[in-house]
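The values are calculated or read from the model by the stated rules, or taken from the named source; none is laboratory data. Everything quoted here is computed from the prediction, not taken from an experiment. Counting neighbours? That spans all protein chains shown, and the Cβs are built from the backbone with ideal geometry, glycine included. To get the accessible areas, we keep the full protein, side chains included, count just its heavy atoms, and leave off ligands, DNA and RNA. Shrake-Rupley method; radii C 1.70, N 1.55, O 1.52, S 1.80 Å.
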Amino acid sequence: MAPLFKAVYVDPSLAGSPAIERIREGVGDCLWQVCADFDAVIHEKTSYEADPCAAGKRILMIRPFQGRLVKACPGTANHICCGYQIINVMTNCPMDCSYCILQGYLNNPCVTVYPDFTRIFHEIEEIIAGQPHRLYRFGTGELGDSLVLDHIVGFAAAAITFFAAGKNAILELKTKSANVEHLLSLDHRGKTVVSWSLNTPRVIEEEEHLAATLHERLAAARRLTEAGYPVGFHFDPLILYPGWEADYQGVVDLLFAHIDPALIRWISLGGLRFPPSLKKVAQRRFPRTGIFTGELVPGADGKLRYLKPLRVELYRKMVSWLRAYDERLFIYLCMERQDVWERVFGSAPAGTAGLNQRFEAHVSRCLREAA
Ligand code: SF4
């Protein structure tokens, strides 16, 4: 198999550490260089390329992170968010989704790992200790994919062990890969939820380049449930196209053909949304994509979304297909407005704090039942 990366650049302060040695072994045969000036490398290796994003995906940088590695998700203005805590262990990923927000968002297009796991766990402990009565959800999949490189980076194994031993926090690992082999034998104690972003075979084929197929994702999820892990699914981004109803209903049917609903901790639904600046970058990189040409209007947070009646119809249908398998599924909307929640579910949580409380109550109940 061809190496994932053309070159790896390592900060001199990290060279020789055990984490770096493991990554070196994992990346295989490629240029390996200690580097004191990352900005110069980013400029030299990506800015003269026709497609700097694609070039960045073939370069791995390993460096210390300036600032806090664990932070509350900033959410989005005037929309209900789920109150997640983001672990910043890695930015960017080698897969290449046409709608990936990171294409227009990161000023460093290279895949970058921040391997200070000890500091990450220390920051998590501080957050938990600040409000010990709460039940926190932490996750790594906001600025990259949690698992696609994890067999090389090795964060999940350390984190799964860390969360298994703690009391009031759980970990979510979100992925579009099927890279789960190295998780199967870990002692997770039900404190780690591995979740997959799901989409229709057509969207996966046309828009989620280099990601695992739907069958591969569901087969990986099944393997983890057999190893006792709870799982989650994110239908995000939901994309409208002629025939979307039959296709998404087909994905729901296939999901429950693989997974017992009782093992699903949560399912999220999120319509396609993106900042206006992404459209130009994505259409230049993926000229055949048609997903940015629908009727999309700016929301209160400035992001473009489908018109509200279309989003409501999309969510209502998804909820009805999902609930037909199990009425009790915990389903939430990602970054949606209060009135959309009301029209889909008949009620809405009291803002981000309210959704967070629903999550805490639900996860606490699941942990009690599993104990
Ligand atoms: S898997 Fe996630 S991080 Fe990777 S390209 Fe796709 S959307 Fe972006």
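Okay, residues lined up against (1) open to solvent by 10 Å² or more (accessible area, probe 1.4 Å); (2) under 16 Å from the mean Cα position of the chain (by Cα); (3) closer than 23 Å to Leu333 by Cα; (4) modelled with pLDDT of 95 or more:
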{"residue": "Leu198", "(1), (2), (3), (4)": "no, yes, yes, yes"}
{"residue": "Ile204", "(1), (2), (3), (4)": "yes, yes, yes, yes"}
{"residue": "Ala227", "(1), (2), (3), (4)": "yes, no, no, yes"}
{"residue": "Gly232", "(1), (2), (3), (4)": "no, yes, yes, yes"}
{"residue": "Phe235", "(1), (2), (3), (4)": "no, yes, yes, yes"}
{"residue": "Leu238", "(1), (2), (3), (4)": "no, yes, yes, yes"}
{"residue": "Trp244", "(1), (2), (3), (4)": "yes, no, yes, yes"}
{"residue": "Val251", "(1), (2), (3), (4)": "no, no, yes, yes"}
{"residue": "Leu255", "(1), (2), (3), (4)": "no, no, yes, yes"}
All-but-one check, Asn179 against (1) in a loop (DSSP other than H, G, I, E, B); (2) more than 16 Å from the ligand (Cβ to nearest atom); (3) among the polar types (S, T, N, Q), failing number (2)
Identify, from the list Glu208, Glu172, the residue that is of a type outside the set (Lys, Arg) and either within 24 Å of His133 (Cα to Cα) or away from the ligand (no atom under 14 Å from the Cβ) (or both). Glu172
When Cys334 is evaluated against the numbered criteria (1) within 20 Å of Cys82 (Cβ to Cβ); (2) at pLDDT 95 or above, which criterion, by number, is the only one it fails? (2)
For a quick check of your reading of the model, give me the residue pairs whose first member lies in segment 234-254 and is in contact (Cβ under 8 Å) with a residue 60 or more places away in the chain, whose second is of a type in the set (Lys, Arg) and surrounded by fewer than 20 Cβ atoms within 10 Å (Cβ to Cβ), with beta-carbon atoms closer than 7 Å and at least 6 apart or on different chains. Glu245/Lys317
Scan the strands (runs of 3 or more DSSP E) fully inside segment 45-93 and keep the ones with 1 or more residues being open to solvent by 60 Å² or more (accessible area, probe 1.4 Å). 70-72
Test result for Asn88, within 16 Å of the ligand (Cβ to nearest atom) and either farther than 23 Å from Asn356 by Cβ or outside the structural domain of Ser17 (by TED's automatic domain parsing) (or both): yes
Between Leu147, Leu102, Leu106, which is within 11 Å of the ligand (Cβ to nearest atom), open to solvent by 30 Å² or more (accessible area, probe 1.4 Å) and in contact (Cβ under 8 Å) with a residue 24 or more places away in the chain? Leu106
Please verify whether segment 266-288 includes one or more residues that are among the aromatic types (Phe, Trp, Tyr), in contact with a Pro (Cβ under 8 Å, 6 or more places away or on another chain) and in the same structural domain as Gly75 (by TED's automatic domain parsing). no
With respect to the numbered conditions (1) closer than 19 Å to Asp236 by Cβ; (2) at pLDDT 95 or above, which one is the sole condition not fulfilled by Arg328? (1)
Residue that is farthest from Leu240 (Cα to Cα) [pool: residues in segment 283-305 that are over 23 Å from the mean Cα position of the chain (by Cα) and open to solvent by 60 Å² or more (accessible area, probe 1.4 Å)]: Arg284
